[in-house]
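Accompanying notes for the structure given below.
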Amino acid sequence: MRRSIDERVPVTAILKRHSNHAAVSGYDQIIDHLECYPIWQSKPSGYLMRLLVWLMERLLPKSGSQWYGKRSLAAELQAAMRWLGRSGQVFHFYYGENSFRYLGLLKRLRNNTIVCTYHTPPQRFAEVVLDQEHLKLIDLVIVVSRASSPVFEKVLGKDKVVFIPHGVDVDFFRPLSSDHDCGRFRCLFVGSHLRDFELLAALASRALHAMPDVSFEVVTLEQDFHHFTGLPNVRLHSGVSDSALRSLYQNCDLLLMPLKDATANNSILEALACGMPILVTDLPGVRDYVNEDMAVFTPPGDLQAMEQSLERLRSDATHRREMAHAARLQAERFSFARIADLTQKAYSQVQYAPFSGQ
């Protein structure tokens, strides 16, 4: 049965803010372009909410999810209060692996729609979400990488899984109006999750003698600084402001991203928007966002291939300018406004069956 959901149907967004994201970054930014009621994961506050969380933790089965905790449960309890108000609503969990577990149990009482977006690569998802029985109660799964589709299609069928890319703020992240030239070739690395620090450190070590004009700007968590001890060509940054991060994207020559795995990647999207050529590990999740027009791909863990590619890009300014132009055009396909529009259209195509009680 197909239910048409128009803009007048209430949408509740269950959201989680990641501390490592810039204020203008993160999947949750699309709510600025959608009409919805936001519920943010936060520490349970107020006596009644703390009591409910305490009680539900003892009555409900274990979540079976590594990233599901008290804040997740408190957000679902807030969503439950809205759920019980009426039927015909949409509840969108923006980070399903962190926040969706129990709300589907209320389908016995009200016929509302559950939409979940999942961001975790398939192998890691299986490690994080051990008990996946609750996935059967989802009406629509949005994946930000096609590589994740089979995980959910196996549970829900192909008609309930859709690929909608992650978005980027193309107004904030933008190229400089003029070329920069600091006399060195500056590579930028951003992030911590699923990054290949060992390969990056090894590349920087080799570059000390093989490419002495190359330097590395590394934006990551302080706990990861130890990978780069004794490397004078590496400058480390942590806790940078949004404008400082944008300046690094705008003033470096190349985004260098050795990865262990990936779905959507904020750093790649932000670099695209700032018109950066990209040297990156070849992974299916990366290919959903970039192609050979703006990126050079190397096999996972292949230090020699990445070093050779860096040498070629360093010596070919014309190619880099062409890649930079293609990067910005690619980023515009992923503007938050466009991704929000695709998300709204996905709501209107939800396939659902009334709860059977089984």
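The values are calculated or read from the model by the stated rules, or taken from the named source; none is laboratory data. Values in this document were obtained by computation on a predicted structure and should not be read as measured data. We place every Cβ from the backbone using ideal geometry, glycine too, and count neighbours over all the protein chains shown. These accessible areas exclude ligands, DNA and RNA; they are computed on the full protein's heavy atoms, side chains included. Shrake-Rupley method; radii C 1.70, N 1.55, O 1.52, S 1.80 Å.
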Item to check | Residue, farthest from the chain's Cα centre (by Cα), within the range 284-301, restricted to residues that are assigned to a loop (DSSP other than H, G, I, E, B) and touching a residue at least 40 places away in the same chain (Cβ under 8 Å) | outcome: G301
Item to check | Matching residues in the range 302-326 - criterion: being hydrophobic (A, V, I, L, M, F, W, C), touching a residue at least 24 places away in the same chain (Cβ under 8 Å) and touching a strand residue (DSSP E or B) at 6+ places or on another chain (Cβ under 8 Å) | outcome: M306, L310, L313, M323
Item to check | Test: P299 is open to solvent by 50 Å² or more (accessible area, probe 1.4 Å), in contact with a helix residue (DSSP H, G or I) (Cβ under 7 Å, 6 or more places away or on another chain) and under 26 Å from F163 (Cβ atoms) | outcome: yes
Checklist outcome for this item: Those residues of the range 209-228 which are assigned to a helix (DSSP H, G or I), exposed (fewer than 15 other Cβ atoms within 10 Å of the Cβ) and either in contact with a Ser or Thr (Cβ under 7 Å, 6 or more places away or on another chain) or β-branched (V, I, T) (or both) amount to E222
Checklist entry - Looking at A207, A201, which one is touching a Phe, Trp or Tyr at 6+ places or on another chain (Cβ under 9 Å), under 20 Å from G230 (Cα atoms) and in contact (Cβ under 8 Å) with a residue 40 or more places away in the chain? => result A207
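Within the range 137-158, is even one residue closer than 19 Å to M56 by Cβ and either exposed (fewer than 15 other Cβ atoms within 10 Å of the Cβ) or at pLDDT 95 or above (or both)?
Yes, the conditions are met somewhere in the range 137-158.
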Item to check | The listed residue being open to solvent by 50 Å² or more (accessible area, probe 1.4 Å) and farther than 25 Å from Q250 by Cβ, out of R174, R206, R184 | outcome: R206
Checklist entry - Under 9 Å by Cβ, and 6 or more places apart or on different chains, what pairs join a residue from the range 139-163 that is of a type in the set (K, R) with one that is open to solvent by 20 Å² or more (accessible area, probe 1.4 Å) and part of a loop (DSSP other than H, G, I, E, B)? => result R146/D288; K160/Y352
Checklist entry - Taking the range 239-261, which residues are under 18 Å from L200 (Cα atoms) and either open to solvent by 50 Å² or more (accessible area, probe 1.4 Å) or without any contact (Cβ under 8 Å) to a residue 12 or more places away in the chain (or both)? => result K260
Checklist entry - Which one of these is out of contact with any Phe, Trp or Tyr (no Cβ under 8 Å at 6 or more places or on another chain) and in contact (Cβ under 8 Å) with a residue 40 or more places away in the chain: W40, W67, W54? => result W67
Checklist outcome for this item: Okay, strands (runs of 3 or more DSSP E) sitting entirely in the range 108-188 with 3 or more residues that are within 18 Å of the chain's Cα centre (by Cα) and of a type in the set (A, V, I, L, M, F, W, C), I get 140-143, 161-163
Item to check | Of residues in the range 67-94 being open to solvent by 70 Å² or more (accessible area, probe 1.4 Å) and under 23 Å from the mean Cα position of the chain (by Cα), the one farthest from V53 (Cα to Cα) | outcome: W67
